[in-house]
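> Here's a structure for you.
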Amino acid sequence: MRWTRTLISTLRDDPQEAEIASHKLMVRAGLIRKLSGGLYTFMPLGVRALQKVAQIVREEMNRAGAQEVLMPALQPAELWERSGRLAAMGPGMFRLKDRQERLMTLGPTHEEVVTELLGGEVSSYRQLPCTVYQIQTKFRDEIRPRFGLMRAKEFIMKDAYSFDTSLEAADASYQAMYDAYTRIFKRCGLFARAVEADTGDIGGKWSHEFMVLADSGEDGVIDCPACGYAANQERAERMSEVRSQKSEVGSEESEALLMSEVATPDVRTVDELVKFFSCAADRFTKTLIYVADGKPVAVLVPGDRDLNEHKFKRLLGCKKLELADDATVRQVTGAPVGFAGPVGLTIPIYADQSLNGAAGRITGANKADTHVKNISLARDAAVTAFEDLVIVGDGDACPLCGKPMQMKRGIEVGHVFKLGTKYTEAFDARYLSAEGQRELMVMGCYGIGVTRTLQAVIEQSHDADGIIWPVSVAPFAVTLLLLDPKDEAVCEVVDTLERELEAQGIEVFTDDREERPGVKFKDADLMGFPIRVVVGAKGLAKGGVEIKLRTSKDIAIVPVADAAAEIIKRMSNDY
């Protein structure tokens, strides 16, 4: 491929809307162009790299025994009503009506469609296990599209779905996909860490995310260096801690201290309370009022910690959980927002495990502009249960070994779920067992963000000069810089190298523009092709061509006759 015959242009400056390195480089290197917020056109080089990632995914899915299908992106909304997810997905789902006024959706995922499909195709246990997958465009109406392909409204995803006869068989399918994902990300040149994860709106009881660790990652990852425990922040747990009453109040008579009201006019937030009472944030207990499936419920967390809503929702087993509005808070507590407390509440009260046995606390008084101090939860409040309910952070004790954990950032590139029978029950997707009984199929689902994986490669592999592609997903493995396009001898060498390399299956991109050498060098580094070969009149006069790896500063002068063999050798040794 010659530059002068390719639709490509590079940029010297970063695009204004780009916040992270990979987004900036994809635009500057001419891989993508923005159409609108969260919508991008893939340019020729971007398409080539995207196809490389998709092909790796396809090969490993096939290797794992999955069969490729292609399902409609446009889906009847009634399928989502049957699963109960039409309301749960909320405004994040694109909805439209056809000319018959039937409500349709643009698929963000395909659990409903594939269950409807397999429910009609599978009738006997002899047809199971069965895993199908597709590589297809998905749509999600992101409230704030950002970071280029990382959080877009339209993206390409590989989604796979396994159907089995039992939970034990489903575990084997899950492991097969887990292993395939490990191979996929390794082949893409990514270091991806599998971590325990929340199942979210997809459902099921167990899942793992594959995270690419990066400072720019949107997701928090909790990691234990001592034992290897890892989970995303939504799922992460910590070892139970019991607060000492003595250490909290500095008195052995903490239980004997009586509650007392303190006027706190317009003092609502923890920061304001810290200043007002001149004490640390962990002396306060925040009382949060939520509505779970239409019913109010209270949750207590230490003043220096934040509630993990995912944990709370799992604990309650509710479908919908949201913070109560001002009117509900006033109805439940008798006070405006900012002054809620556990004493006297008649709704269920849950508390973080670290508050079990806590005394000498300061909380809201359920009265405007008032707090109370010297609260003992065991004595003064009717707590339904103490559970691990806060967001885990740096330094918290590992739930497995008790050692301090570390907080890192990650980019989610894949997710695998054990779904169980959530969808097969909703769609009555059954098979006839060997005993002649109609049984529900057991499901798993497995997603890889193909476009996100491509950008994650760049986010994890770049330097100040540009992209550093691994050969496996590089648009071209070799770039030939033709420094003197009007010199016949130079052009002949370039032509010969192109033919020899392409005959060996090596993809070559030749910069044949009439540009200064410096411009070509900068673009070569920006675009990040694994091997750069410079062919110019001066170099040929000195005895050969220059060969340089993108990952090295070393330059080798190689005779023309040996150049193709040397390039192939370096690709084998270094990549």
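The values are calculated or read from the model by the stated rules, or taken from the named source; none is laboratory data. On a predicted model such as this, the values are computed, not experimentally measured, just so you know. Counting neighbours? That spans all protein chains shown, and the Cβs are built from the backbone with ideal geometry, glycine included. Note: areas computed on protein heavy atoms with side chains; ligands, DNA, RNA excluded. Shrake-Rupley method; radii C 1.70, N 1.55, O 1.52, S 1.80 Å.
> Go through the residues of the stretch 383-401 one by one and say whether even a single one is over 30 Å from residue 259 (Cα atoms) and aromatic (Phe, Trp, Tyr).
At the first step, the residues of the stretch 383-401 found to be over 30 Å from residue 259 (Cα atoms) are 392-401.
Still in the list and also aromatic (Phe, Trp, Tyr): none.
Checked the stretch 383-401: no residue is over 30 Å from residue 259 (Cα atoms) and aromatic (Phe, Trp, Tyr).
> In the stretch 180-197, what residues are part of a loop (DSSP other than H, G, I, E, B) and closer than 13 Å to residue 453 by Cβ?
If we filter the stretch 180-197 for residues that are part of a loop (DSSP other than H, G, I, E, B), which is where we start, we get 188-191, 197.
Residues satisfying the conditions are 188, 189, 190, 191.
> Separate question: Yes or no: residue 416 under 26 Å from residue 225 (Cβ atoms) and under 18 Å from the mean Cα position of the chain (by Cα)? Talk me through it step by step, then tell me what you get.
Numbers: under 26 Å from residue 225 (Cβ atoms): yes; under 18 Å from the mean Cα position of the chain (by Cα): yes.
Yes: the conditions hold for residue 416.
> Also, I was wondering about something else. Residue 159 - would you say it is assigned to a loop (DSSP other than H, G, I, E, B) and acidic (Asp, Glu)?
Details: assigned to a loop (DSSP other than H, G, I, E, B): no; acidic (Asp, Glu): yes.
No; evaluated as a whole, the condition is false for this residue.
Yes or no, residue by residue, for (1) closer than 26 Å to residue 234 by Cα; (2) among the basic types (Lys, Arg); (3) open to solvent by less than 20 Å² (accessible area, probe 1.4 Å):
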position	(1), (2), (3)
304	yes, no, no
331	no, no, no
338	yes, no, no
343	no, no, no
370	no, no, yes
378	no, no, no
385	yes, no, no
398	yes, no, yes
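> Just checking, does the stretch 496-504 include any residue being among the hydroxyl-bearing types (Ser, Thr, Tyr) and closer than 23 Å to residue 458 by Cβ? Please lay out each step first, then the result.
Taking the stretch 496-504 first, the residues among the hydroxyl-bearing types (Ser, Thr, Tyr) are 496.
Narrowing the set further to residues that are closer than 23 Å to residue 458 by Cβ leaves none.
Scanning the stretch 496-504, I find no residue that is among the hydroxyl-bearing types (Ser, Thr, Tyr) and closer than 23 Å to residue 458 by Cβ, so the answer is no.
> Which of the residues spanning the stretch 73-126 are hydroxyl-bearing (Ser, Thr, Tyr), in contact with a Phe, Trp or Tyr (Cβ under 7 Å, 6 or more places away or on another chain) and touching a residue at least 40 places away in the same chain (Cβ under 8 Å)?
Here is the first cut: in the stretch 73-126, the residues hydroxyl-bearing (Ser, Thr, Tyr) are 83, 105, 109, 115, 123-125.
Subsequent filtering for residues that are in contact with a Phe, Trp or Tyr (Cβ under 7 Å, 6 or more places away or on another chain) retains 83, 105, 115, 123-125.
The answer is 83, 115, 123, 124, 125.
> Okay, next question. Check the stretch 50-60 and report whether any residue there is of a type in the set (A, V, I, L, M), at pLDDT below 95 and under 28 Å from residue 132 (Cα atoms).
First, the residues of the stretch 50-60 that are of a type in the set (A, V, I, L, M): 50, 53-54, 56-57.
Within this subset, residues satisfying the condition of being at pLDDT below 95 are none.
Among the residues of the stretch 50-60, not one is of a type in the set (A, V, I, L, M), at pLDDT below 95 and under 28 Å from residue 132 (Cα atoms), which makes the answer no.
> Can you tell me how many residues in the stretch 328-356 are closer than 18 Å to residue 268 by Cα and assigned to a loop (DSSP other than H, G, I, E, B)?
Of the residues in that region, 10 qualify.
> Just wondering, is there one or more residues in the stretch 192-199 that are over 21 Å from residue 391 (Cα atoms), at pLDDT below 95 and either open to solvent by 70 Å² or more (accessible area, probe 1.4 Å) or not basic (Lys, Arg) (or both)? Let's see the steps before the verdict.
If we filter the stretch 192-199 for residues that are over 21 Å from residue 391 (Cα atoms), which is where we start, we get 192.
Filter again for at pLDDT below 95, leaving 192.
Pick out the ones that are also either open to solvent by 70 Å² or more (accessible area, probe 1.4 Å) or not basic (Lys, Arg) (or both) and you get 192.
There is at least one residue in the stretch 192-199 that is over 21 Å from residue 391 (Cα atoms), at pLDDT below 95 and either open to solvent by 70 Å² or more (accessible area, probe 1.4 Å) or not basic (Lys, Arg) (or both).
> For the stretch 495-511, name all the residues that are surrounded by fewer than 18 Cβ atoms within 10 Å (Cβ to Cβ) and not in a helix (DSSP H, G or I).
First, the residues of the stretch 495-511 that are surrounded by fewer than 18 Cβ atoms within 10 Å (Cβ to Cβ): 495-496, 499-500, 502-505, 507.
Answer for the stretch 495-511, where residues must be surrounded by fewer than 18 Cβ atoms within 10 Å (Cβ to Cβ) and not in a helix (DSSP H, G or I): 504, 505, 507.
> Please determine, by comparing only the residues of the stretch 287-300 that are of a type in the set (A, V, I, L, M) and more than 27 Å from the chain's Cα centre (by Cα), which one is surrounded by the fewest Cβ atoms within 10 Å (Cβ to Cβ). Quick ask: steps written out before the conclusion?
First pass over the stretch 287-300, keeping only residues of a type in the set (A, V, I, L, M): 288-289, 291-292, 297-300.
When the remaining residues are screened for being more than 27 Å from the chain's Cα centre (by Cα), the result is 288-289, 291, 297-300.
On the way: 288: 19, 289: 21, 291: 17, 297: 22, 298: 24, 299: 25, 300: 25.
Looking at residues that are of a type in the set (A, V, I, L, M) and more than 27 Å from the chain's Cα centre (by Cα), I get 291.
> Given the condition modelled with pLDDT under 95, open to solvent by less than 10 Å² (accessible area, probe 1.4 Å) and in contact with a strand residue (DSSP E or B) (Cβ under 9 Å, 6 or more places away or on another chain), answer yes or no: does some residue in the stretch 112-129 qualify?
First pass over the stretch 112-129, keeping only residues modelled with pLDDT under 95: none.
No; the residues of the stretch 112-129 include none that is modelled with pLDDT under 95, open to solvent by less than 10 Å² (accessible area, probe 1.4 Å) and in contact with a strand residue (DSSP E or B) (Cβ under 9 Å, 6 or more places away or on another chain).
> I've got another one for you. I'm checking my understanding of the structure. Among residues of the stretch 553-575 that are part of a loop (DSSP other than H, G, I, E, B) and touching a residue at least 12 places away in the same chain (Cβ under 8 Å), which one is surrounded by the most Cβ atoms within 10 Å (Cβ to Cβ)? Lay out the reasoning, then the answer.
Filtering the stretch 553-575 for residues part of a loop (DSSP other than H, G, I, E, B) gives 553-554, 559, 575.
Checking the rest, the ones that are also touching a residue at least 12 places away in the same chain (Cβ under 8 Å) come to 559, 575.
Numbers: 559: 11, 575: 17.
Filtering first and then ranking leaves 575.
> Would you mention how many residues in the stretch 106-121 are of a type in the set (S, T, N, Q) and under 23 Å from the mean Cα position of the chain (by Cα)? Step through it out loud before you land on a result.
Of all residues in the stretch 106-121, those of a type in the set (S, T, N, Q) come to 109, 115.
Applying the additional criterion that residues be under 23 Å from the mean Cα position of the chain (by Cα) yields 109.
Total satisfying the criteria: 1.
> If you check every pair at least six apart or on different chains, which have Cβ atoms under 8 Å apart with a residue in the stretch 480-503 that is closer than 14 Å to residue 560 by Cβ and touching a residue at least 24 places away in the same chain (Cβ under 8 Å) first and a residue that is open to solvent by less than 60 Å² (accessible area, probe 1.4 Å) and among the aromatic types (Phe, Trp, Tyr) second?
Pairs found: 480/509.
> Filter the stretch 513-537 down to residues that are of a type in the set (Val, Ile, Thr) and farther than 25 Å from residue 457 by Cβ and give me whichever is surrounded by the fewest Cβ atoms within 10 Å (Cβ to Cβ).
Step one: of the stretch 513-537, the residues of a type in the set (Val, Ile, Thr) are 519, 531, 533-535.
Next cut, farther than 25 Å from residue 457 by Cβ only: 519, 534-535.
Values: 519: 13, 534: 22, 535: 26.
This residue is 519.
> Only one residue in 373, 422, 403, 367 is charged (D, E, K, R) and closer than 30 Å to residue 173 by Cα. Which one? Give the derivation first.
Details: 373 fails: closer than 30 Å to residue 173 by Cα; 403 fails: closer than 30 Å to residue 173 by Cα; 367 fails: closer than 30 Å to residue 173 by Cα.
Going through 373, 422, 403, 367 in turn, just one is charged (D, E, K, R) and closer than 30 Å to residue 173 by Cα: 422.
> May I pose another question? Going residue by residue through the stretch 538-546, is there one that turns out to be assigned to a loop (DSSP other than H, G, I, E, B), modelled with pLDDT under 95 and surrounded by 13 or more Cβ atoms within 10 Å (Cβ to Cβ)?
Going through the stretch 538-546, the residues assigned to a loop (DSSP other than H, G, I, E, B) turn out to be 542-544.
Imposing the further condition that a residue be modelled with pLDDT under 95 reduces the set to 542-544.
Then keep just the ones that are surrounded by 13 or more Cβ atoms within 10 Å (Cβ to Cβ); that gives 544.
Yes, that holds for at least one residue.
> Here's another thing I want to ask about it. When you scan the stretch 229-249, do you find a residue that is of a type in the set (Lys, Arg), under 32 Å from the mean Cα position of the chain (by Cα), at pLDDT below 95 and farther than 22 Å from residue 378 by Cα, even just one? Please lay out each step first, then the result.
Pass one, the stretch 229-249, residues of a type in the set (Lys, Arg): 235, 238, 243, 246.
Right, trim to under 32 Å from the mean Cα position of the chain (by Cα) and you get 235, 238.
Adding the requirement that they be at pLDDT below 95 leaves 235, 238.
Cutting the leftovers down to farther than 22 Å from residue 378 by Cα gives us 235, 238.
Checking the stretch 229-249: at least one residue is of a type in the set (Lys, Arg), under 32 Å from the mean Cα position of the chain (by Cα), at pLDDT below 95 and farther than 22 Å from residue 378 by Cα.
> Take residue 37 and tell me if it is at positive phi, open to solvent by 10 Å² or more (accessible area, probe 1.4 Å) and within 23 Å of the chain's Cα centre (by Cα). Quick ask: steps written out before the conclusion?
On the way: at positive phi: no; open to solvent by 10 Å² or more (accessible area, probe 1.4 Å): yes; within 23 Å of the chain's Cα centre (by Cα): yes.
Answer is no for this residue.
> Restricting to the stretch 203-238, what's the tally of residues that are within 13 Å of residue 394 (Cα to Cα), in a loop (DSSP other than H, G, I, E, B) and touching a Gly at 6+ places or on another chain (Cβ under 6 Å)?
1
> Go through the stretch 64-89 and count every residue that is of a type in the set (Gly, Ala, Ser), at pLDDT 95 or above, assigned to a loop (DSSP other than H, G, I, E, B) and under 20 Å from residue 141 (Cβ atoms).
Step one: filter the stretch 64-89 for residues of a type in the set (Gly, Ala, Ser), giving 64-66, 73, 77, 83-84, 87-88.
Subsequent filtering for residues that are at pLDDT 95 or above retains 64-66, 73, 77.
Narrowing the set further to residues that are assigned to a loop (DSSP other than H, G, I, E, B) leaves 64-66, 73.
Checking which are under 20 Å from residue 141 (Cβ atoms) leaves us with 73.
Adding up the residues that qualify gives 1.
> Just to verify a result, which residue in the stretch 470-494, among those that are assigned to a helix (DSSP H, G or I) and open to solvent by less than 60 Å² (accessible area, probe 1.4 Å), is farthest from residue 571 (Cα to Cα)? Give the derivation first.
Step one: list which residues in the stretch 470-494 are assigned to a helix (DSSP H, G or I), which gives 488-494.
Adding the requirement that they be open to solvent by less than 60 Å² (accessible area, probe 1.4 Å) leaves 489-491, 493-494.
Details: 489: 26, 490: 24, 491: 24, 493: 20, 494: 19 Å.
Among those residues, the one meeting the criterion is 489.
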